[in-house]
1. Cα-Cα over 23 Å: which of K332/K364; K159/K375; K159/K332?
2. Tell me, what ³J(HN,Hα) does each residue in region 343-354 have, in order and in whole Hz, if you take phi through Karplus 6.51 cos²θ - 1.76 cosθ + 1.60 with θ = phi - 60° and put x for Gly and Pro?
3. Listing L234, L191, L132 from the residue with the fewest other Cβ atoms within 10 Å to the one with the most, what is the order?
Amino acid sequence: MKRLISLIIAGMSGGLIVLGGILLVQGDLLTGTKHSNVQFTSSPRVIEEKIPEDFADAAEAAMPAVVHISAEAALSSLNEQRSRRRDPFSFFFGDDFFGSPQPRSGKGSGVIISEDGYIVTNNHVIDFADQLEVTLFDDRKFKATLIGQDPRTDIAVIKIDTDNLPYLKFGNSDEIRVGEWVLAVGNPFDLTSTVTAGIISAKGRNKIIKRNDAIEDFIQTDAVVNPGNSGGALVNTEGDLIGVNTAIATATGYYAGYSFAIPSNMLQPVVENIIEHGGPRGSLGLYVAAIADYEAYEEIDLDVDQGVVVTQVEDGGAAQYAGILPADVIVKIDGQDVKSADNLVKIMQQFQIGDEVVITISRKGKVKKVNVRLKA
């Protein structure tokens, strides 16, 4: 009998202990009491902190400084148009008018870079034209004068005769990072002052433009860009000009997810040279690429970590006459270190056609100096 009572008491005690544990756990779940070092992070909060609340300030700064450009070639230019080669940019924007007996015309965008009317755009927007009309954000229209062109970088500068204009300041494109937000501002399909947003998808893109002497170091973005955006602004969230929208990769002529912009650090020295001298200076006559991009060709050991790689030399160009070959790495020009394609462009702005420069190259691990006389 005593044994039976003892078993009953023990069973009741065990039941009470289990019941107490259940109540304790339920209470912890309801009150959020912590009994471990596990912590939970709210991912929506992290995303919220990284995405800007809006792009209104950057758009408000950029839109008044982006213009609409109408370009036309008069009837007197028709024979010259017929003799021109195919425009390498027609693949991107469908602007190939060759073969037509009619005068050529086109439309694009431009960016005001000074209050007295200097405007930067793409060379392919105005290259064929002898009549240029600029429409400002406030709908005023002006005839524009061509200041100069640099086909190798696809940059041109035009000017309108007025002052007190809103303009964009050059930002530092070397400081931008993949994943940062950007805005593309332009006039696609004649829709003036259109703003689209995206991120920087990649830097240092090349082999985009099918031109033998092109110098390329494009910013790739996924901001929507279409025909008419060409020559428009790519700005950061502070409203600084970090690039000029130039091309899209597409099989149809319309946006398919990839757009490319000339970085501001390549743009600025070319623009300054055009304004000062009226056009391009001496040319090396070659294609270059960043070392990081060229390392994809595993069979070639560059054996150097600074400079730009020659990917192609132009027939009859200065580099070919001097004996520079594909896969050579340009390390220095006249003693100045070459660190990137836009840095190469900046250095070359110091020289004129006919100047002789000393190019330091690395070829299969051996460093040598080559004298190059610059050509047009």
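1. Beyond 23 Å between Cα atoms: K159/K375; K159/K332.
2. Each residue's phi maps through the Karplus curve to give 5, 4, 4, 4, 5, 5, 5, 7, 10, 10, 4, x Hz.
3. Ranking L234, L191, L132 by Cβ neighbours within 10 Å, fewest first, gives L191, L132, L234.
We did not get these values from a lab; they are worked out from the coordinates using the rules stated. None of these values were measured; they are calculated from a predicted model. Backbone-built Cβ (ideal geometry, glycine too); neighbour counts: all protein chains shown.
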